[in-house]
Amino acid sequence: MNTHSNQSSELVKVCSTIVEKQQNALARLNSKNWRILIAKMHHNWRTRRQLNRLNDSQLKDLGLTSSDVYQEVHKPLWK
């Protein structure tokens with residue numbers, strides 16, 4: 001019976017740890033950090049899309065090459 005009691009006690013500890021980690025994860029999601037990241041990703045997507053639509057003459061006016069644009073457009077959105 002003692003072994004069963006020890007296993008039950010250990011299971012309760014594991015479950016408590018899981019619940020605590022879930023609560024911590026939810027608390028981090030509720031912070032403003034994820035909103036800032038999503039706003040940055042949206043800004044990067046929008047501006048890179050606009051940059052990708054420019055023709056060679058417009059790029060030359062900005063001092064950019066098509067290679068510069070390719071590198072920028074293919075970066076991950078969070079960078």
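Return the residue satisfying two criteria in turn: it lies in the range 13-58 and is among the basic types (Lys, Arg) and under 23 Å from the mean Cα position of the chain (by Cα), and of such residues it is nearest to Glu72 (Cα to Cα).
So the residue we want is Arg48.
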For this session: Could you grab me the full set of residues in the range 61-79 that are polar (S, T, N, Q) and out of contact with any helix residue (DSSP H, G or I) (no Cβ under 8 Å at 6 or more places or on another chain)?
Result: Ser67, Gln71
For this session: Take the range 50-74 and flag every residue that is among the charged types (D, E, K, R) and either in contact with a Ser or Thr (Cβ under 6 Å, 6 or more places away or on another chain) or open to solvent by less than 90 Å² (accessible area, probe 1.4 Å) (or both).
Result: Asp68, Glu72
Exercise. Do we find a residue being touching a residue at least 24 places away in the same chain (Cβ under 8 Å), surrounded by 10 or more Cβ atoms within 10 Å (Cβ to Cβ) and either out of contact with any strand residue (DSSP E or B) (no Cβ under 6 Å at 6 or more places or on another chain) or part of a helix (DSSP H, G or I) (or both) anywhere in the range 21-38?
Worked result: yes
Exercise. Restricting attention to the range 1-20, which residues are modelled with pLDDT of 85 or more, aliphatic (A, V, I, L, M) and open to solvent by 80 Å² or more (accessible area, probe 1.4 Å)?
Worked result: Leu11, Val12, Ile18
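The values are calculated or read from the model by the stated rules, or taken from the named source; none is laboratory data. All figures in this text were calculated on a predicted structure; none of them were measured in a lab. Please note: Cβ atoms are built from the backbone with ideal geometry, for glycine as well, and neighbour counts cover all protein chains shown. Surface areas here come from the heavy atoms of the whole protein model, side chains and all, with no ligands, DNA or RNA. Shrake-Rupley method; radii C 1.70, N 1.55, O 1.52, S 1.80 Å.
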